[in-house]
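Okay, structure first, notes after.
Just so it is clear, none of the values below were taken in a lab; they were calculated from the coordinates. What you see is a predicted model, and the numbers here were worked out from it, not measured in a lab. Here Cβ is always computed from backbone atoms with ideal geometry, including for glycine, and neighbour counts include all displayed protein chains.
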Amino acid sequence: MKKNKLTFYIFIALILGVIVGYIYNVSVITAYNNKINAAETAIKVIDNKLVLIKDTTSVNYKDLQAQRISQAKIRKLNDGIREGKVQYFTILSDIFLRLIKMIVAPLVFTTLVVGVAKVGDIKAVGRIGGKTLLWFLSATLVSLLLGMVLVNLFEPGREMHLMLPDSHLGTEIQRTALSLKDFISHVFPKSFFESMSNNEILQIVVFALFFGVATAAIGEKGEIVVKAFDAIAHVILKITGYVMMLAPFAVFGAITAIVAKQGLGILSTYAIFIGEFYFSLIILWAAIILAGFFVLKGRVFKLVNSIKDAMLVAFGTSTSEAAYPRVLIEMERFGCSNKIVSFVLPLGYSFNLDGSMMYMTFASLFLAQAYNIHLSFAQQLVMLLTLMLTSKGIAGVPRASLVVIAGTIAMFNIPEAGLALLIGIDPLLDMGRSATNVLGNAMATAVVSKWEGELTEGNPIVIE
């Protein structure tokens with residue numbers, strides 16, 4: 001009920017943000033926008049003239065360069081004033097993002113340790129873990145690739161025409177590649193506490209896997225650890241609930257700042273972006289169901305039918321965590337063994353968020369398009385690989401995807417300020433991707449159960 005109310009409050013905040021932003025845009029920001037637009041137009045005219053001048057030492061060339069510098073200063077001055085006028089709104093979303101970063105690391109560690117330790121036998125962990133990882137990596141790759149193809153096809157950010165900050169002017173987008181040394185350094189932690197303090201999620205996941213396996217190996221003594229970590233995980237989820245109470249304020253601040261700076265015209269692009277993203281999710285659903293069909297045959301449709309309520313819960317609350325208890329029950333009813341369910345589902349909440357994977361690619365390239373930053377096919381593949389690595393372990397924390405996106409786009413010189421374009425509409429997008437995450441994890445659990453030979457015709461359990 002509280003989460004349903006929260007979703008309602010977020011929508012109210014979204015509407016209020018549009019209204020307040022529009023009023024603020026008309027009454028305060030328009031004058032500065034006019035000066036910024038005039039300066040931008042003047043710079044484009046000057047740039048066109050500079051291209052035609054071959055002699056860069058001529059007086060005319062130097063005069064045009066001086067004019068360009070003057071117009072750039074005017075633009076920067078007014079942009080700074082505009083930012084100052086909306087900073088009291090943006091600080092609301094800044095606080096929210098910092099609190100989200102505070103939660104991610106401990107939540108990933110505790111939930112994953114509990115999930116791994118519950119399997120018990122180290123050989124079973126290796127065997128089941130290998131099959132699970134195979135499915136997770138395949139599903140992640142398909143989700144990211146599909147997102148990349150569709151966002152390039154739709155180009156939802158093309159009409160944004162956002163201005164790059166001055167620090168990006170005159171610089172080329174650097175190609176980013178991960179060397180073997182960088183990859184090893186990023187994956188394997190040298191200090192657990194350093195990884196926690198720096199929010200190095202993938203390193204935390206690696207340590208959690210070792211910790212979980214070792215906990216299971218010491219037998220009865222490990223049960224104390226499992227119970228303690230399970231309790232800690234529930235405490236952190238409770239903290240997540242407290243932080244989410246600030247979400248309406250963050251949404252209000254973000255959307256108010258966006259509309260105040262850009263005007264209501266920005267909403268038309270939002271409508272296009274949201275529509276194209278949901279259409280892409282439908283295609284992803286079809287791909288997940290088709291992949292499940294090759295393993296489960298006709299039972300895949302029974303599976304989708306059995307988890308539809310859980311998907312609706314995830315959609316309505318904008319978080320797949322809310323649907324977790326129902327999914328666990330439905331998967332056992334479907335015929336999956338408790339051992340498989342208790343291992344694969346928690347791991348899936350760290351490693352197999354198919355909807356979030358597609359969103360990360362979609363959103364990152366949307367921002368590049370919005371700032372008119374061209375990324376080659378090779379650069380997009382590097383971005384995809386980076387997202388595939390850095391996104392593992394983000395758990396089911398709402399809005400945590402924005403943190404991963406922020407870290408990734410910075411590598412490609414895409415301004416982090418562009419995240420303001422996303423946080424305002426993130427609740428709308430989160431509903432669809434949360435439901436998709438539930439479908440992906442349920443499908444993975446059923447497939448691994450089938451591969452392990454532990455999928456029965458179904459159990460008539462009635463636990464609610």
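Annotation: the residues ASP430, ASP79, sorted from fewest to most other C-beta atoms within 10 Å of their own C-beta, follow the order ASP79, ASP430. When VAL114, VAL259 are arranged by Cβ crowding within 10 Å, least crowded first, meaning fewest neighbours, the order is VAL114, VAL259.
Within the straight-line cut-off of under 13 Å between alpha carbons, the aspartates and glutamates reachable from LYS238 are ASP230, GLU321, sequence neighbours fewer than 8 places apart in one chain being disregarded.
Rank-order 30-40, 218-228 by packing density, defined as the average count of other C-beta atoms within 10 Å over each peptide's residues, highest first. Can you show the working numbers first?
Values: 30-40: 16.0, 218-228: 12.5.
Top to bottom by mean Cβ count within 10 Å: 30-40, 218-228.
Counting every other Cβ atom within 10 Å of each residue's Cβ, ARG68, ARG333 order from fewest to most as ARG333, ARG68. By the rule of a C-alpha distance below 20 Å, with chain neighbours fewer than 8 residues away ignored, the aspartates and glutamates paired with LYS123 are GLU220, GLU223, GLU452, GLU454. Most tightly packed first, judged by the mean number of other beta-carbon atoms within 10 Å of their residues, the peptides 80-86, 243-249 read 243-249, 80-86. Protection proxy ranking of 45-56, 130-141, by the mean of other Cβ atoms within 10 Å over each peptide's residues and highest first, is 130-141, 45-56.
Compared with the alpha-carbon gap, the fully stretched path from PHE11 to GLU83 is longer by 23.4 nm at 0.36 nm per residue. Beyond 29 Å between alpha-carbons counts as too far, so tell me which of LYS49/LYS73; LYS54/LYS261; LYS49/LYS85 fall in that bin. Those over the limit are LYS54/LYS261; LYS49/LYS85. The slack between ASN37 and PHE294, meaning 0.36 nm per residue of separation minus the straight C-alpha distance, is 87.0 nm.
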